[in-house]
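The values are calculated or read from the model by the stated rules, or taken from the named source; none is laboratory data. Because the structure is predicted, anything quoted here is derived from the model rather than measured. Surface areas here come from the heavy atoms of the whole protein model, side chains and all, with no ligands, DNA or RNA. Shrake-Rupley method; radii C 1.70, N 1.55, O 1.52, S 1.80 Å.
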Amino acid sequence: MSTKQVVPQTPAASRGAASRRVRALAVTAMLSAAATVLMALDFPIPFLIPPFVKMDFSELPALLAAFALGPASGAAVCLVKNLVNLTMSSTQGVGELCNFLLGICFVVPAGLIYKRRRTRSGALAGSLIGAAVMAVCSVPINYFISYPFYTTFMPLDTIIGMYQALIPSVDGLLACLVIFNAPFTLLKGLLDMALAFLIYKPLSRLLHD
């Protein structure tokens, strides 16, 4: 029976690995800070969706982290930005929980696909699939988590009425989520993807460990 020889790691290699880990943590922290700021800079698009559903670009830094450092780093950015925003939450943490879950749905598939195919087409495919997954998952996440909380201080009929102000024929919460929220979430993912493609290359030397 043959034995496998273990080659000891040299001090230089150990220092190099430690330096890469420290740099990865620093980049993740930097992107988490950027995501936290972007999450606070949300804004309504009232002609597309009721104004209590807001647009933000806080998944952009998480997507950059997933591409540069892997899906775990992207997930960490999603977690940190929501933990920080808990200190100023107006939804008792429900909004932050949903934002975290949707962010994971977006950046983890994108990061995993790009990790297997580190090309521009791999990044494009990963982003598109991640955006689609996020859009599909937005329906059950909103239906079972977000909107039950909203109905504790706003009648469901009032919420649906805000959607009907845009399309009078829409009927029922599930229809509202499918017709409005899912496409809106997809649009959000696609915009994050477009911005990532614009700025990733100029930032690549800063992002990569």
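So if each residue of separation counts as 0.36 nm, and I subtract the Cα-Cα distance between R117 and Y200, what length gain in nm does that give?
28.2 nm
Using a 10 angstrom cutoff on alpha carbons, build the Gaussian network for the chain and name the most mobile of F47, F106, F184.
F47
Can you compute 3J(HN,Hα) from phi for each residue in region 121-137, using the Karplus curve 6.51 cos²θ - 1.76 cosθ + 1.60 with θ = phi - 60°, rounded to whole Hz and x for Gly and Pro?
Rounded to whole hertz, the list is 5, x, 5, 5, 4, x, 5, 5, 5, x, 5, 5, 4, 4, 5, 5, 6.
So, with a 1.4 angstrom probe, what is the percent of accessible area on the chain that is carbon and sulfur?
Solvent-exposed carbon and sulfur of the chain make up 69 percent of the total.
Comparing G74, G161, G126, which has the greatest mean-square fluctuation in the GNM of the chain with Cα pairs linked when under 10 Å apart?
G161
Take the cross-link list K54/K81; K54/K115; K81/K115; K115/K188 and give me the ones stretching past 21 Å between alpha-carbons.
Where the Cα-Cα span goes over 21 Å, the pairs concerned are K54/K115; K81/K115; K115/K188.
Quick one: which residues, 5+ away or cross-chain, put their amide H under 5 Å from the amide H of M55? H built at 1.01 Å from N.
Hits under the 5 Å cutoff: F43, I45.
What accessible area per residue, rounded to a whole number of Å², is obtained for the chain using a probe radius of 1.4 Å? Can you show the working numbers first?
Working: 11290 Å² over 209 residues.
Accessible area per residue: 54 Å².
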